[in-house]
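Asks: Below is one structure. I have some questions about it.
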Amino acid sequence: MERALAPLAAELLRRAGREAAGTAARARAEAASIDAAARREAARVLAAARESGRAEHAAEAARALAEARREGRRAVLAAQRQALEEFRRRAREAAGGLRADPGYPALLRALTEAARRRGGTELAIREHPDGGVVGEGPGRRVDATLPVLADRMVDSLAGEVCRLWLP
Amino acid sequence: MIELEYTDVAELRGPLAVVRGVAGVGWDEFAVIRLPGGGTRHGLVLEVDRDLALVQVLEGTAGLAPGRIGVTFSGAPFRVPVGPGWLGRVCDGLGDPLDGGPPVFGTATAPAGGLPLNPAWRLPPADPIITGVSVIDALTTLVRGQKIAIFAAPGLPHLDLAAQIAAQAHAAGEPFGVVFAAMGLTHADASGVRDALEARTAAGELVLLLNLAGDPVIERVLTPRIALTVAEHLAFGLGRHVLVVLADMTGYCEALREVSAARSEVPARRAYPGYLYSDLASIYERCGRVRGRPGSVTLLPVLTMPGGDITHPVPDLTGYITEGQIVLSSEISVYPPVDPLASLSRLMRGGVGAGRTRPEHADLAAQLIAALARAARARELAEFVGADALGPADRRHLDLADAFARDLVAQRRDESRSLEETFTRAWRVLSVLPRADLAMLGAAALDAHHRPAAPEPGPQEPDGIGTGHREPR
């Protein structure tokens, strides 16, 4: 009986062996493929991390550069503003200085006339301590003081003022 | 030189002041309101009736008291100094400096409302503006003199994209400038925009007007007009090609709605004033080219669509006026999230082609759009039948869509791509498809640029969509 079954057992054994070998081969292949995929993924993650590090560094450098540029520009603009303010201050001072000018009474008369023309004949005009005149009437006011007129003159120079800081 | 100040303010209500006893004052005149401490505010005349003038105070009337303020009328509508002095400056929404510098002085002044232009002097938009953003340069090219809007749902990086375009755009070596008007921005957003544009500001090629979310809304109504007035002079007076970026126009329209409500005007759709369309047109139509003048004004308004609703009055009316749109979509996972199938530059043909960009540009853009449309259909189909059931042609198109997003669209926020690089990438994307699939491109262009990665498959299967054919194993 046993002898009769021996070929069958041998065949079963051979098949089992073949199947085991196949399974082992498949498992090896699968392991190799998983390993390769894991390596690829690791390489990708590493590359992404490197890229993100580089990008972060570049972004940080760009921020620092932007800040430095902004500071530089701020300094230039602040200097221009100071130059303009100084120019305005000197213009006001020079206008105030007209009070000591021998022609000041004539100037006052001219300003009074101009103020009346602008604001109407009913304006009450008086001389201002800063020089020039102020006119006030019902619901109206005209300011023709010397510092204010100097300011308006500077404003009206518009583009000419830029020559203060242009080479 | 001597100014007449009216001191009889009869009433202050909301943003409005009623001045009594005025003479010779006209509608839309610009006014300066002097405060007792020496400060000033600004206003516009809304209405004049005999000796009464109704003045809208731009900064609001809070803290003002009748009898303690004076109002001076300028005798003309609001005028803006114009000239090269604007370049390199950062100002608020009314053009007052925010950068610590002196006030901007111009060589002349111009009305902020703009001068009407004889239609016969207008030239159709032509020649491209290169933005350095691949997906825009390749598929929705900006054309000089065009108006094209960026539409975005809230939460998308529309400001980043607008700032990137403003920082990078150029006109292929011709004199170029950018006017960036930011309206209703938060401090954080404004700071981001300033950083992105710093280099260009320092180079004296950019004007930045910043109206922040906390600034008076009425100021916001003037900001785009000031930006355009400055731009028109830089373009038609000084011969520059000027790109005007208005971000965000939804903020502008909301300001207009608030001002309209304060004036007790009859509200129309979603409480926006009935004249919203003509108001938007009065802004958008100020771009273009003028016969005999070398420069151009190109307009790029940015709009957030409340709730992502493209039928909202602001994007809806904008879409009627502008010549195309660049639509950002949350469906796109890369930056910039431009949806190529929803975006269109209607005047693109006037700006691309031989001598402008590349001879095959228009065909290449059409082919890419056609292929992406087919990929979108294939993707929908795959949702029903599964990706395995798609035919090889459909699968190739899905591969193309992936390559398109990865290779052409995806771009860093600080990355400016040359036209050459954009075309190299676009051809690499199209080379995913075999030559037989690229029927819109000429043989010469295909010979020169089509480089398929793998050998082309043998006999092509019929290109029916959704045939569900499996590839032979």
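The values are calculated or read from the model by the stated rules, or taken from the named source; none is laboratory data. None of the values given here were measured: they were computed from a predicted structure. With ideal geometry, Cβ positions are generated from the backbone for all residues, glycine too; neighbour counts draw on all protein chains shown. The protein model used for the area step is the full one, side chains on, heavy atoms only, and it has no ligands, DNA or RNA in it. Shrake-Rupley method; radii C 1.70, N 1.55, O 1.52, S 1.80 Å.
Asks: From B:Ala196, B:Ala169, B:Ala190, which residue is surrounded by 16 or more Cβ atoms within 10 Å (Cβ to Cβ) and under 14 Å from the mean Cα position of the chain (by Cα)?
Replies: Matching residue, one of B:Ala196, B:Ala169, B:Ala190: B:Ala169.
Asks: Would you mention how many residues in segment B:322-366 are more than 23 Å from B:His450 (Cα to Cα), among the small types (Gly, Ala, Ser) and open to solvent by less than 20 Å² (accessible area, probe 1.4 Å)?
Replies: Residues that pass the stated criteria total 5.
Asks: I would also like to ask the following. Restricting to segment B:97-113, count the residues that are away from chain A (no Cβ under 12 Å), assigned to a loop (DSSP other than H, G, I, E, B) and open to solvent by 20 Å² or more (accessible area, probe 1.4 Å).
Replies: 1
Asks: Can you tell me how many residues within segment A:120-148 are basic (Lys, Arg) and either assigned to a helix (DSSP H, G or I) or within 48 Å of the chain's Cα centre (by Cα) (or both)?
Replies: So the count comes out to 2.
Asks: What residue, of B:Val314, B:Val245, B:Val259, is closer than 22 Å to B:Pro125 by Cα and surrounded by 15 or more Cβ atoms within 10 Å (Cβ to Cβ)?
Replies: That would be B:Val245, the only listed residue that is closer than 22 Å to B:Pro125 by Cα and surrounded by 15 or more Cβ atoms within 10 Å (Cβ to Cβ).
Asks: Using the structure shown, decide if A:Arg117 is away from chain B (no Cβ under 14 Å) and assigned to a helix (DSSP H, G or I).
Replies: no
Let's see how each residue does on (1) open to solvent by 20 Å² or more (accessible area, probe 1.4 Å); (2) modelled with pLDDT of 95 or more; (3) under 25 Å from the mean Cα position of the chain (by Cα):
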| site | (1), (2), (3) |
| --- | --- |
| B:Leu368 | no, yes, yes |
| B:Ala373 | yes, yes, no |
| B:Gly386 | yes, no, no |
| B:Arg413 | yes, no, yes |
| B:Ser416 | yes, no, yes |
| B:Ala436 | yes, no, no |
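Asks: Tell me the strands (runs of 3 or more DSSP E) entirely within segment B:12-81 that contain at least 1 residues that are more than 14 Å from every other protein chain (Cβ to nearest Cβ) and under 22 Å from B:Ala110 (Cα atoms).
Replies: In segment B:12-81, the matching strands (runs of 3 or more DSSP E) lie at B:29-34, B:40-49, B:52-57, B:70-77.
Asks: B:Leu390 passes all but one of (1) open to solvent by less than 10 Å² (accessible area, probe 1.4 Å); (2) of a type outside the set (S, T, N, Q); (3) free of Cβ contacts under 8 Å to residues at least 40 places away in the same chain; which number fails?
Replies: Going through the list (1) open to solvent by less than 10 Å² (accessible area, probe 1.4 Å); (2) of a type outside the set (S, T, N, Q); (3) free of Cβ contacts under 8 Å to residues at least 40 places away in the same chain, B:Leu390 breaks only (3).
Asks: Could you list all residues from segment B:33-59 that are within 29 Å of the chain's Cα centre (by Cα) and open to solvent by less than 20 Å² (accessible area, probe 1.4 Å)?
Replies: B:Gly43, B:Gln56, B:Val57, B:Leu58
Asks: Something else now. Of A:Ala91, A:Ala83, A:Ala95, which residue is assigned to a helix (DSSP H, G or I), out of contact with any strand residue (DSSP E or B) (no Cβ under 7 Å at 6 or more places or on another chain) and either at the interface with chain B (Cβ under 10 Å from one of its Cβ atoms) or open to solvent by 40 Å² or more (accessible area, probe 1.4 Å) (or both)?
Replies: Answer to the check: A:Ala83.
Conditions tested, residue by residue: (1) out of contact with any Lys or Arg (no Cβ under 9 Å at 6 or more places or on another chain); (2) outside the structural domain of B:Ala202 (by TED's automatic domain parsing); (3) modelled with pLDDT of 90 or more; (4) among the aromatic types (Phe, Trp, Tyr).
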{"site": "B:Ala17", "(1), (2), (3), (4)": "yes, yes, yes, no"}
{"site": "B:Gly26", "(1), (2), (3), (4)": "yes, yes, yes, no"}
{"site": "B:Gly39", "(1), (2), (3), (4)": "yes, yes, no, no"}
{"site": "B:Gly67", "(1), (2), (3), (4)": "yes, yes, no, no"}
{"site": "B:Cys91", "(1), (2), (3), (4)": "yes, no, yes, no"}
{"site": "B:Gly106", "(1), (2), (3), (4)": "yes, no, no, no"}
{"site": "B:Ala110", "(1), (2), (3), (4)": "no, no, yes, no"}
{"site": "B:Leu115", "(1), (2), (3), (4)": "yes, no, no, no"}
